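Report on one structure; see the data block that follows.
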Amino acid sequence: MCKKRKFEYMVGYMSVLSNGNVLLFTDDCPPELKEKVLKEWPAYKKEVEELHKKGYRSTEDWF
């Protein structure tokens, strides 16, 4: 893994595509968590993409 699993608390509440885009949130996802992720995800996605450009990759990058 090239980054700390910043969004591990969202496992089971959201799905992420392999390109880093958020696919969906589950119906039982707490609204405050969804709001937090939507606010923080773009910056996190950019950080991971920069690491990918440097050659660091993992199947766990997006969580």
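Values quoted throughout were computed directly from the atomic coordinates according to the rules given, and no laboratory measurement underlies them. None of the values given here were measured: they were computed from a predicted structure. Reconstructed Cβ throughout: ideal geometry from the backbone, glycine too, with neighbour counts over all protein chains shown.
Measuring nothing but how far apart in sequence close Cα pairs (under 8 Å, 6+ apart) lie, relative to its length, region 1-51 scores a relative contact order of 32 percent.
Computing FRET efficiency as 1/(1 + (r/R0)^6) for Y9 and L51, where r is the C-beta to C-beta distance and R0 is 25 Å, gives about 0.75.
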